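The values are calculated or read from the model by the stated rules, or taken from the named source; none is laboratory data. Just so we're clear, the structure is a prediction, and the values are computed from it rather than from any experiment. Glycine gets a Cβ as well: all are built from the backbone with ideal geometry, and neighbour counts include every protein chain shown.
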Amino acid sequence: MNRTRLLTTMAILVAIGTLGAQLLWFPAGIAKAYPVQHAVNVIAAVVLGPGPAVIIAFVIGLLRNMLGLGTLLAFPGGMIGAFLAGYFYQKSKKNIAAVIGEAVGTGLIGSVFAVPFAIILMGSSVGVFAFLPSFLISSITGALIGWFILSRVNQDSLVKSF
């Protein structure tokens, strides 16, 4: 595997995820939906695997927070969703598995992990199901966008190059 190609691809996906948060978002319950993050998670999971996908999600969350484009909630949802998307894809080799992994990881598990994040780090007192609708809407929308993009790309040659 060519390290330069891997790092360059990761940097491009980080840039897309960071800038996409500014360009495409919509209100979803008590939080904002940033579907580009989830689309990038699915694409990174399929093309690069779970490890690089988690790193990309972390760096996007970090940059968004440093630039004032997001909240600390980007970390639990984005990273868990990226990992499960990559893991599910690795086990099945089907793009829809990455979509399901992203939705389950971010929408269900990430929303539960967001509660202690919000209470401890953000001073918010929210219940367990407070983030569930917002996280599900955002992750499903973005994961489907990622799936659509992957369906339009010659994925076999792209994945084989890594």
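How many of the residues making up region 65-75 are at pLDDT 90 or above and either buried (at least 17 other Cβ atoms within 10 Å of the Cβ) or closer than 15 Å to F88 by Cβ (or both)? Spell out how you get there, then give the answer.
At the first step, the residues of region 65-75 found to be at pLDDT 90 or above are 66-67.
In the following step, the residues that additionally are either buried (at least 17 other Cβ atoms within 10 Å of the Cβ) or closer than 15 Å to F88 by Cβ (or both) were identified as none.
Residues flagged as at pLDDT 90 or above and either buried (at least 17 other Cβ atoms within 10 Å of the Cβ) or closer than 15 Å to F88 by Cβ (or both) within region 65-75 amount to 0.
For region 26-48, what are the residues that are free of Cβ contacts under 8 Å to residues at least 60 places away in the same chain and buried (at least 18 other Cβ atoms within 10 Å of the Cβ)?
Matches in region 26-48: A44, A45.
Taking region 1-25 only, how many residues are in contact (Cβ under 8 Å) with a residue 40 or more places away in the chain and within 26 Å of A118 (Cα to Cα)?
5
In this structure, is F113 free of Cβ contacts under 8 Å to residues at least 40 places away in the same chain, touching a Pro at 6+ places or on another chain (Cβ under 7 Å) and in a helix (DSSP H, G or I)? Give the derivation first.
Numbers: free of Cβ contacts under 8 Å to residues at least 40 places away in the same chain: yes; touching a Pro at 6+ places or on another chain (Cβ under 7 Å): yes; in a helix (DSSP H, G or I): yes.
It is true that F113 is free of Cβ contacts under 8 Å to residues at least 40 places away in the same chain, touching a Pro at 6+ places or on another chain (Cβ under 7 Å) and in a helix (DSSP H, G or I).
Within region 1-25, can you find the residues that are more than 17 Å from L69 (Cα to Cα) and either of a type outside the set (A, V, I, L, M, F, W, C) or surrounded by 17 or more Cβ atoms within 10 Å (Cβ to Cβ) (or both)? First the steps, then the outcome.
As a first pass, look at region 1-25 and keep what is more than 17 Å from L69 (Cα to Cα): 1-12.
Those that are more than 17 Å from L69 (Cα to Cα) and either of a type outside the set (A, V, I, L, M, F, W, C) or surrounded by 17 or more Cβ atoms within 10 Å (Cβ to Cβ) (or both): N2, R3, T4, R5, T8, T9, M10.
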